[in-house]
Amino acid sequence: MTMERHRIQAAASLMALVITISVALSNKAEAARAAPSFEVVTLGGETFSKDSLKGHPTLLLFWAPWCKVCQRELPLLSQFTSKEKPAQLGVISIGFADSRGNVEAFVKAHPEAFAFPTAFDIDNDVAQAFKVTATPTLILLDGQGNIVLTHRGAGLLQNVQFREFLSTLKG
């Protein structure tokens, strides 16, 4: 029985290692992937595109007003950007998967959650171009327009890759 338990533990450890390596390799493969071309117009009328962001590392926050995780994460990210003012990192929030009216109403009702420009993704075209399938999804672009991290769900501020990327910006 003990030998069988050791085999199961060894198999589980091996599987965990394979999964860890697979995730690491997929993240590295993603790092080399160029971001798709896109353009968004903020609720204030400012236009951002892949070309206009060249030379500026940028975090794109895809969210929806009905998303409970988004409702918790957006204020945390807003506080982070206001407090820590990460050097050279631009942040753009992109409301999608809902109506423009609902996005605008949510932004107006929660100004503390939006210390960064906010756009509405008409017809979800930008979300589809980035293959966003969950809310929130946070996509980190380097200054060359490459996707260096895609983070789905809560906890971006604890993400090791995100923190490492920020440390490279500090020089």
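The values are calculated or read from the model by the stated rules, or taken from the named source; none is laboratory data. Remember, it's a predicted structure, so these values are computed and weren't measured experimentally. Please note: Cβ atoms are built from the backbone with ideal geometry, for glycine as well, and neighbour counts cover all protein chains shown.
Being at pLDDT below 95 and assigned to a helix (DSSP H, G or I) is the filter; apply it to the stretch 79-110 and report the residue that is surrounded by the fewest Cβ atoms within 10 Å (Cβ to Cβ).
Ranking the qualifying residues of the stretch 79-110, first place goes to Lys83.
Condition check: more than 22 Å from Ala35 (Cβ to Cβ) and not β-branched (Val, Ile, Thr). Does Lys131 satisfy that?
no
Got at least one residue in the stretch 133-143 being assigned by TED's automatic domain parsing to the domain that holds Leu43, surrounded by fewer than 16 Cβ atoms within 10 Å (Cβ to Cβ) and part of a strand (DSSP E or B)?
no
Conditions: (1) assigned to a helix (DSSP H, G or I); (2) of a type in the set (S, T, N, Q); (3) surrounded by 13 or more Cβ atoms within 10 Å (Cβ to Cβ). Thr150 meets all but one. Number of the miss?
(1)
Find all pairs meeting these conditions: Cβ atoms under 9 angstrom apart; at least six residues apart or on different chains; first residue within the stretch 119-132 and on the phi > 0 side of the Ramachandran plot; second residue among the hydrophobic types (A, V, I, L, M, F, W, C) and surrounded by fewer than 21 Cβ atoms within 10 Å (Cβ to Cβ).
Asn124/Ala97
Would you check which residues across the stretch 115-129 are in contact with a strand residue (DSSP E or B) (Cβ under 7 Å, 6 or more places away or on another chain) and surrounded by fewer than 20 Cβ atoms within 10 Å (Cβ to Cβ) and list them?
Phe116, Pro117
Taking Leu76, is it out of contact with any Ser or Thr (no Cβ under 6 Å at 6 or more places or on another chain), hydrophobic (A, V, I, L, M, F, W, C) and either in a helix (DSSP H, G or I) or in contact (Cβ under 8 Å) with a residue 60 or more places away in the chain (or both)?
Here the answer is yes, as Leu76 does meet what is asked.
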